[in-house]
Structures are given as structure tokens and as C-alpha cells.
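Inspection log for the structure reproduced underneath, given as C-alpha cells.
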Amino acid sequence: MEIDNWPEHEDPIKIAEVVDYHLRYNANLSDFVDETEKLSDQVNVILHDAEDDKLGRIRDIYNKEIKGIADWVEANHDVSSRAKWILDRATE
């Protein structure tokens with residue numbers, strides 16, 4: 001699924017890409033994720049773990065969550081009011 005009304009001379013942007021960018025750079029993730037305490041708990045474990053790549057592991061957790069939401073919105077924006085709401089916020 002691609003965003004409607006995209007200029008013909010440019011490659012269309014996929015909905016998941018728009019939502020992913022919005023969640024990653026322009027939004028409080030807690031406004032869009034119901035279980036932020038789950039993410040917080042996972043980050044806490046990493047921060048207190050002896051392994052070295054803490055930042056990479058934390059990034060992986062957030063990237064997985066954001067990608068999951070973005071893919072879900074792309075697949076459900078036309079049948080779910082929550083997905084449509086997220087897409088509307090991402091395209092404002």
C-alpha cells in the first residue's frame with residue numbers, strides 16, 4: 001500500500017515507512033504503544049547486564065517495536081480506527 005496523492009515524478013513512500021519515521025523521530029512512543037512498561041523492563045535488564053553492546057541491544061528492542069507497529073498500520077489502516085489514527089498522526 002502506498003500513500004495516495006504522491007507526486008508522480010517521485011517514488012511513492014510506503015505507509016510503513018512514514019509511520020516508522022514518525023514513531024522513530026517525531027513522536028513519544030508511549031503515545032502509540034500500549035505496553036511501554038514492557039520496553040522499559042527490557043531496557044532495564046540490558047542496562048544491568050554485563051554484555052558490552054548495550055546501546056545496540058536497546059536499539060534492537062525499539063526498532064522491532066516500531067517496525068511492528070508500522071507494518072501493522074500499513075496492513076490495517078483501512079479497517080482499524082486505531083491504525084488510521086496512527087497514520088493520520090504520522091502524516092500531519
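Points worth noting:
- Of residues in segment 43-78 being over 8 Å from the mean Cα position of the chain (by Cα) and among the polar types (S, T, N, Q), the one farthest from Thr91 (Cα to Cα): Asn44
- When restricted to residues that are among the small types (Gly, Ala, Ser) and under 16 Å from the mean Cα position of the chain (by Cα), segment 79-92 contains 2.
Condition check ((1) touching a strand residue (DSSP E or B) at 6+ places or on another chain (Cβ under 9 Å); (2) among the aliphatic types (A, V, I, L, M); (3) at pLDDT 90 or above) across all residues:
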site: Ile13; (1), (2), (3): yes, yes, no
site: Val18; (1), (2), (3): no, yes, yes
site: Phe32; (1), (2), (3): no, no, no
site: Glu35; (1), (2), (3): no, no, no
site: Lys64; (1), (2), (3): no, no, yes
site: His77; (1), (2), (3): no, no, yes
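- Test for Val79: is it of a type in the set (Val, Ile, Thr) and outside any helix (DSSP H, G or I): yes
- Neighbours by Cβ (under 9 Å, 6+ apart or cross-chain): first from segment 12-38, touching a residue at least 60 places away in the same chain (Cβ under 8 Å); second charged (D, E, K, R) and surrounded by fewer than 14 Cβ atoms within 10 Å (Cβ to Cβ): Lys14/Glu2; Ile15/Glu2; His22/Glu92
- Matching option when the condition is in contact with a Lys or Arg (Cβ under 7 Å, 6 or more places away or on another chain) and loosely packed, with under 15 Cβ neighbours inside 10 Å, among Leu47, Leu29, Leu55: Leu47
- Among the residues making up segment 22-67, those that are assigned to a loop (DSSP other than H, G, I, E, B), closer than 23 Å to Trp85 by Cβ and of a type in the set (A, V, I, L, M) are Ala27, Val33.
- Within segment 35-92, tally of residues that are β-branched (Val, Ile, Thr) and within 15 Å of His22 (Cα to Cα): 5
- Some residue of segment 58-66 being touching a residue at least 12 places away in the same chain (Cβ under 8 Å) and of a type in the set (Asp, Glu): yes
The values are calculated or read from the model by the stated rules, or taken from the named source; none is laboratory data. Please read these numbers as outputs of a predicted model, since none were measured by experiment. Virtual Cβ from ideal backbone geometry, glycine too; neighbours counted across all protein chains shown.
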